């Protein structure tokens, strides 16, 4: 491991008093902080501040995570070299110590997670790109209707995908300008990129809220947009039943027999396919080349409203880029 120290400080300051100048000391910066690294677990690394003076310490672990803890455990799933920085600060300035951390092995659980692989292409590729399905029933919205377009049954938030995409509530084909949008997922770094080529499909309320426009009721629109790239994604296996919130277990683990939901969350207020004010998606089904998502539509002026009390839900059908 390589260590480097850097002092960022001004120990004295010139202050004017009357016609003269008086030098007032604000103190020296702290000495270089020191820390230890415990790599007993090859992918969960324990960092401990062993020596630091001043009123604040700040970590930059080189993988996007920051911290102010004296002791912190950080997950590094991928083999690589990372620059770890610890900064100590006082009124006299800041002093920084760097170390190079080498992670020798990629966590095998990352590469063995089949849902990670289906979404992002897995450990052997840089990324996987998804696009909107080019045809009818790309979008669906709700609340669901009493019966689907085939006349089958009553409907609820727990209906299967076939109901929603046969529903008379289906909004059909996406706008042509949305068809070039690309949603890129990478496993290394859990990276996400919305490559929408300058414009994006917005719910009419959110267009008015975000851009000060006066879109008419239910007149969703394409609007100029620069995504908050780069971003990251997480995929959580939620095993808690939540019928009140409109979730159901769409997947069953072949080993445990437990049903669960796949919850996809994007950082930096990012969206897929349609801006409804939320960045959390329930994956209803996912295969090598097709993915169905469900997400809520938030009320711009009352984002605390949750579950079926929201105005409606949105459904998306995506396919992999050929």
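The values are calculated or read from the model by the stated rules, or taken from the named source; none is laboratory data. Only a predicted model underlies this, so the values are computations on that prediction, with no experimental measurement involved. So basically every Cβ, Gly included, is an ideal-geometry build from the backbone, and we count neighbours across all protein chains shown.
So here's what we get for this one:
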| item | result |
| --- | --- |
| Scan of the stretch 159-186 for residues that are closer than 16 Å to residue 314 by Cβ and at pLDDT 70 or above, ordered by number | 174, 175, 178, 181, 183 |
| Selection count, the stretch 13-55, where residues are exposed (fewer than 13 other Cβ atoms within 10 Å of the Cβ), modelled with pLDDT under 85 and at negative phi | 13 |
| Residue in the stretch 212-226 that is assigned by TED's automatic domain parsing to the domain that holds residue 135, farther than 21 Å from residue 318 by Cα and in a strand (DSSP E or B) present | yes |
| Lone qualifier among 122, 189, 135 - being at pLDDT 70 or above and touching a helix residue (DSSP H, G or I) at 6+ places or on another chain (Cβ under 9 Å) | 122 |
| Enumeration of residues in the stretch 270-280 that are touching a residue at least 24 places away in the same chain (Cβ under 8 Å) and closer than 15 Å to residue 185 by Cα | 270, 271, 272, 273 |
| Unique match (being surrounded by fewer than 17 Cβ atoms within 10 Å (Cβ to Cβ), touching a residue at least 24 places away in the same chain (Cβ under 8 Å) and closer than 21 Å to residue 272 by Cβ) among 139, 115 | 115 |
| Cβ-Cβ under 8 Å pairs, at least 6 apart or on other chains, the stretch 52-79 side outside the structural domain of residue 94 (by TED's automatic domain parsing), far side buried (at least 18 other Cβ atoms within 10 Å of the Cβ) | none |
